[in-house]
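Below is one structure, written out as C-alpha cells; comments come after it.
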Amino acid sequence: MNDLKKLILQKKFNEKIFILTSLLFLSFALLTLILLLTDIFIDGLPVLSLKFLFSYPSRKPEEAGILSPLVGSLYVMAVMIIFIVPVGIGAAIYLEEFAPKNFLTNLIEINIANLAGVPSIIYGLLGLEIFVRFFKLGRSILAGSLTLSLLVLPIVIMATRESIRLVPSSIREASLALGATKWQTIKNQVLPLAMPGILTGIILAISRAIGETAPLITIGALTYIAFLPTTPLSPFTVLPIQIFNWVSRPQKAFHHNAAGAIIVLLFLTFMLNLTSIILRNYYRKKYRL
C-alpha cells in the first residue's frame, strides 16, 4: 500500500516537473519574441508613413520606400495562388478519393510529406534550373511564383487531404444512395464541408511564402528596382529581399527602414491569418460543422 502511494506521489511530482519545465521554455520563447518585436517596433514605427509606402527604394535612406517590393510581393503571391489552388486541391482530391491504394500511391504520399520539410534553398536551386534556365523565364515574377509554388504545394495538398478525410463517410454514402455520381458527391458535399480546412491550408501556405527570401535570391531576383512590374515576365523584387538588402548596409538609417518594412510584412501576414480565421468561421457556421 505504501509502495503504491509512493508511486503515485512520484508520478505527480514528475508531472509537476514536466509542466514547470514546459512553462519555463514557453516563457523563454515568448520573452524572446516580445523583445524582438519591441526592438522592431521602436526602430520601425518612426519611419512608417505614406511616403515610405509609396516611394521607390533609394540610395538615400531618408528618401527610400517600399513601393516596388510591396507590389512585387503582392504580384508574386497572386500568381502563386493561381497555380497552387487548382493543382493542390486537385492533387489532394485524386489521392484521397480516386487513387488506388498501392505501392505507387504510398510512395507519392510519403514523398509529398517529405517535401514539406525540404529546405527552401533546395527549391530555389530547382527553380533556377527548371524555370529560369530550361524554360527561359528569366528573373521574372512567373519564375519566382512557380518556385514558391513548389515550396508550398505540399502544405496545400496535405491540408486539403486532412480536411477531406474529416468529412464523415456517411455523407458520401447518403449522396451516392440518392443517385449522385462520385464527382457530384465530391463537388456538392465533400468540398463544401472540407472548405474551412482547405482555406486555412492555402492561407498558411501563402503566409509562409510571403516571408521567403532564399529561393528568390537563388533564382536571381533583383535587390534594387525603381519601377513597378507590368507583366508576369517583368523583373521583380519582394519585401524580404529589400529587408535583407537594407539590413546588410552599414548605415543605421537603413536598419530603421528595414524595421519599418518588417512591420509592413508582419501586418500582411497578420491580415492573411485573420482572413483565414474569418473564412473558417464563416464556412463552419454556413455548414454547421
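The values are calculated or read from the model by the stated rules, or taken from the named source; none is laboratory data. Please read all numbers here as calculations on a predicted model, not as lab measurements. Glycine gets a Cβ as well: all are built from the backbone with ideal geometry, and neighbour counts include every protein chain shown. When the accessible area is computed, the model is the full protein with side chains, heavy atoms only, and any ligands, DNA or RNA have been set aside. Shrake-Rupley method; radii C 1.70, N 1.55, O 1.52, S 1.80 Å.
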Only one of Val238, Val264, Val247 that is in contact with a helix residue (DSSP H, G or I) (Cβ under 8 Å, 6 or more places away or on another chain), at pLDDT 85 or above and open to solvent by 30 Å² or more (accessible area, probe 1.4 Å): Val247
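One line per residue, one yes/no per condition, for (1) of a type in the set (Lys, Arg); (2) under 23 Å from Ile89 (Cβ atoms); (3) touching a Lys or Arg at 6+ places or on another chain (Cβ under 9 Å):
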site: Gln189; (1), (2), (3): no, yes, yes
site: Ala209; (1), (2), (3): no, yes, no
site: Ala214; (1), (2), (3): no, no, no
site: Ile217; (1), (2), (3): no, no, no
site: Pro229; (1), (2), (3): no, no, no
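Determine whether Ile82 is open to solvent by 20 Å² or more (accessible area, probe 1.4 Å), in a helix (DSSP H, G or I) and among the aliphatic types (A, V, I, L, M).
Judged against the criteria, Ile82 is a match.
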Residues satisfying the stated conditions in region 207-220, i.e. assigned to a helix (DSSP H, G or I) and open to solvent by 10 Å² or more (accessible area, probe 1.4 Å): Ser207, Arg208, Ala214, Ile217, Thr218
Residue pairs meeting the criteria (Cβ under 8 Å; at least 6 apart or on separate chains; first over 14 Å from Leu125 (Cβ atoms), in region 139-153; second among the basic types (Lys, Arg) and open to solvent by 10 Å² or more (accessible area, probe 1.4 Å)): Val152/Arg208
Residue count, region 104-143 (criterion: within 17 Å of Ile217 (Cβ to Cβ), under 15 Å from the mean Cα position of the chain (by Cα) and in a helix (DSSP H, G or I)): 2
Exclusive hit being on the phi > 0 side of the Ramachandran plot, of a type outside the set (Ser, Thr, Tyr) and at pLDDT below 90, set Gly138, Gly124, Gly117: Gly138
When residues of region 201-243 are limited to those that are of a type in the set (Phe, Trp, Tyr) and in contact with a strand residue (DSSP E or B) (Cβ under 9 Å, 6 or more places away or on another chain), the one nearest to Ser73 (Cα to Cα): Phe236
Cβ pairs under 7 Å, 6+ apart, first in region 76-98 and closer than 16 Å to Ser140 by Cα, second open to solvent by 30 Å² or more (accessible area, probe 1.4 Å) and part of a helix (DSSP H, G or I): Val79/Leu142; Phe83/Leu146
Residue match in region 188-199 (condition: surrounded by 17 or more Cβ atoms within 10 Å (Cβ to Cβ) and part of a loop (DSSP other than H, G, I, E, B)): no
Residues that are modelled with pLDDT under 80 and open to solvent by less than 100 Å² (accessible area, probe 1.4 Å), drawn from region 280-289: Arg280, Tyr283, Tyr287
Subset of region 131-169 (residues that are more than 28 Å from Phe98 (Cβ to Cβ), of a type in the set (A, V, I, L, M, F, W, C) and surrounded by fewer than 24 Cβ atoms within 10 Å (Cβ to Cβ)): Phe131, Val132, Phe134, Phe135, Leu137, Leu142
Any hit, region 50-73, residues being touching a residue at least 24 places away in the same chain (Cβ under 8 Å), open to solvent by 60 Å² or more (accessible area, probe 1.4 Å) and not in a helix (DSSP H, G or I): yes
